[in-house]
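Note sheet for the following structure.
Just so you know, all these numbers are worked out from the coordinates, no wet-lab data involved. Source: prediction; values computed, not measured. Cβ placement follows ideal geometry from the backbone for every residue including glycine, while neighbour counts extend to all protein chains displayed.
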Amino acid sequence: MINIIGLGYIGLPTALMFAKSGIKVVGTDYNTKLVSSLTEGKLTFEEEGLEELFKEALSNGIEFSTEYQKTHTYIVAVPTPYIKESKKLDPKYVISAVNSILDVCEKGAALIIESTISPGTIDKFIRPEIENRGFVIGEDVHLLHAPERIIPGNMVFELEHNSRTIGADSLEIANKIKGLYSNFCKAEIVVTDIRSAEMSKVVENTYRDINIAFANELTKICRTDNMDVYEIIKIANKHPRVNILQPGPGVGGHCISVDPWFLVGDYPDLTNLILTARKTNDSMPSHVLGRIRDIMREHAIKDISKVGLYGLTYKENVDDTRESPTLQLLERMDEHLAFGVKVYDPFVKTRIVDHQFLNFEDFLNEIEILVLMVGHDHIKNNMNLIKNKLVLDTKNICVFESSYKL
Ligand code: SAJ
């Protein structure tokens, strides 16, 4: 039996995949509401293919509990917040999960940490915690790091098809756990040491952040001379060794906008490029604000309440609003402008900010300038409703030529 600790965006789909493949799974979370909801067969977030997977896992007997189980294999997928001031990771939830596991685990149990952690976290925090409890690592318990790589919006597919990494102290235990994951993971599973597994995960997200920053910097360059950045990226990407990502209103989510800070925090003298990329991406909401001002000026619109932001989530077709560019923009607007800008997102069904509408048509009726912050399918399918607006299209999805670009 596997006990999966943490039933959020990563822990839950992973638990369901194991259960689907026929393994006995108990998912544990301290959140009693979440546990009862899952036990009643109700999912707590939307994700392509998750509902079907959930049904299969339930019929295979997956269970949910607030209690840690006595068993031989644990997967820890709890949040790892980062501390904004110090730019460091806070491992408190992982430490607490490990301690609760030690209270109940069988001798020789495998503790697999899937949560993203900054390089060195296991040596600095987790090993000492286990050893201070009198456990011998490698005998009483085995420690592994198997960082997740799945992308919200395509998680179920990626769980099965993405390559994975297993970091462990010995090849024997690494191969055993590799065998376990291969129950549902059909791609290559690379075995390495724990430190390399920690580092490669953070490097992957940092690489993406830097690549997006390059696209965003190009946008600013092209804006000054009225060039079409999308056309230029499209042409450059025809080169066999060039693959520039897409510019946008900023980088959000709990991964790409956070993980590079771990490297900046730990290696402040060696991370100029990473820091600059972070700052470039963080500057994009201000760039959007500048573009909104340009349009207001051009059309002699003085009232910010005539501006509507479409999209509150950090990217398209998900309901997660963590670190979203729209929230970053609203924070900046409060500093510079009178509040009053309108907001709408079809995925956010309760009010989380001022002047947020829950009905799309009511929202449209109130505004003259529509800022497309997120490219949900919903807006792509409703282009006809926005034809008479001044549209600032930060995602390059608008079908009509009159729209303004970043
Ligand atoms: N974005 C752009 N331009 C692009 C691509 C993305 O501006 O060309 C923006 C998005 O709009 C969003 C942000 O970047 O605001 C991040 O979105 P994303 O889709 O790039 O990534 P996440 O945060 O949803 O998931 C990432 C993935 N990492 C990589 O692709 C290297 C995923 O595989 C990881 O599992 C996840 O982080 C994680 O949990 O670490």
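Enumerate the helices (runs of 4 or more DSSP H) found wholly within region 295-406, keeping only those where 3 or more residues are of a type outside the set (D, E, K, R) and under 28 Å from residue 43 (Cα atoms).
On the way: elements: 325-336, 360-366, 377-380.
Of the helices (runs of 4 or more DSSP H) lying wholly inside region 295-406, those with at least 3 residues that are of a type outside the set (D, E, K, R) and under 28 Å from residue 43 (Cα atoms) span 325-336.
Within region 106-117, does at least one residue satisfy the condition of being within 12 Å of the ligand (Cβ to nearest atom), among the hydrophobic types (A, V, I, L, M, F, W, C), assigned to a helix (DSSP H, G or I) and over 19 Å from residue 69 (Cβ atoms)? Within region 106-117, not a single residue is within 12 Å of the ligand (Cβ to nearest atom), among the hydrophobic types (A, V, I, L, M, F, W, C), assigned to a helix (DSSP H, G or I) and over 19 Å from residue 69 (Cβ atoms). Would you confirm whether any residue within region 202-211 is exposed (fewer than 15 other Cβ atoms within 10 Å of the Cβ) and away from the ligand (no atom under 16 Å from the Cβ)? No, region 202-211 contains no residue that is exposed (fewer than 15 other Cβ atoms within 10 Å of the Cβ) and away from the ligand (no atom under 16 Å from the Cβ).
Listed residues 380, 395; which is surrounded by 20 or more Cβ atoms within 10 Å (Cβ to Cβ) and among the charged types (D, E, K, R)?
Working: 380 fails: surrounded by 20 or more Cβ atoms within 10 Å (Cβ to Cβ).
Result of the check over 380, 395: 395.
Residue-by-condition table, conditions (1) within 17 Å of residue 9 (Cβ to Cβ); (2) in contact with a helix residue (DSSP H, G or I) (Cβ under 7 Å, 6 or more places away or on another chain):
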{"residue": "38", "(1), (2)": "yes, no"}
{"residue": "79", "(1), (2)": "yes, yes"}
{"residue": "86", "(1), (2)": "no, yes"}
{"residue": "98", "(1), (2)": "no, yes"}
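Does at least one position in region 178-195 carry a residue that is within 12 Å of the ligand (Cβ to nearest atom) and touching a residue at least 24 places away in the same chain (Cβ under 8 Å)? Checking region 178-195: not a single residue is within 12 Å of the ligand (Cβ to nearest atom) and touching a residue at least 24 places away in the same chain (Cβ under 8 Å). Considering only residues in region 128-172 that are closer than 19 Å to residue 189 by Cα, more than 29 Å from the chain's Cα centre (by Cα) and not hydroxyl-bearing (Ser, Thr, Tyr), the one that is surrounded by the fewest Cβ atoms within 10 Å (Cβ to Cβ) turns out to be 172. Pairs linking a residue in region 245-273 that is in contact (Cβ under 8 Å) with a residue 24 or more places away in the chain and closer than 13 Å to residue 325 by Cα to a residue that is within 6 Å of the ligand (Cβ to nearest atom) and part of a loop (DSSP other than H, G, I, E, B), with Cβ atoms under 7 Å and 6 or more positions apart or on different chains, are 252/314; 252/315; 253/314; 253/315; 257/251.
Kindly check whether there is at least one residue in region 121-134 that is within 16 Å of the ligand (Cβ to nearest atom) and either touching a residue at least 12 places away in the same chain (Cβ under 8 Å) or farther than 20 Å from residue 7 by Cα (or both). Within region 121-134, one or more residues are within 16 Å of the ligand (Cβ to nearest atom) and either touching a residue at least 12 places away in the same chain (Cβ under 8 Å) or farther than 20 Å from residue 7 by Cα (or both).
Residues that are buried (at least 19 other Cβ atoms within 10 Å of the Cβ) and either over 21 Å from residue 80 (Cα atoms) or touching a Pro at 6+ places or on another chain (Cβ under 9 Å) (or both) within region 95-111 comprise 105, 109, listed in sequence order.
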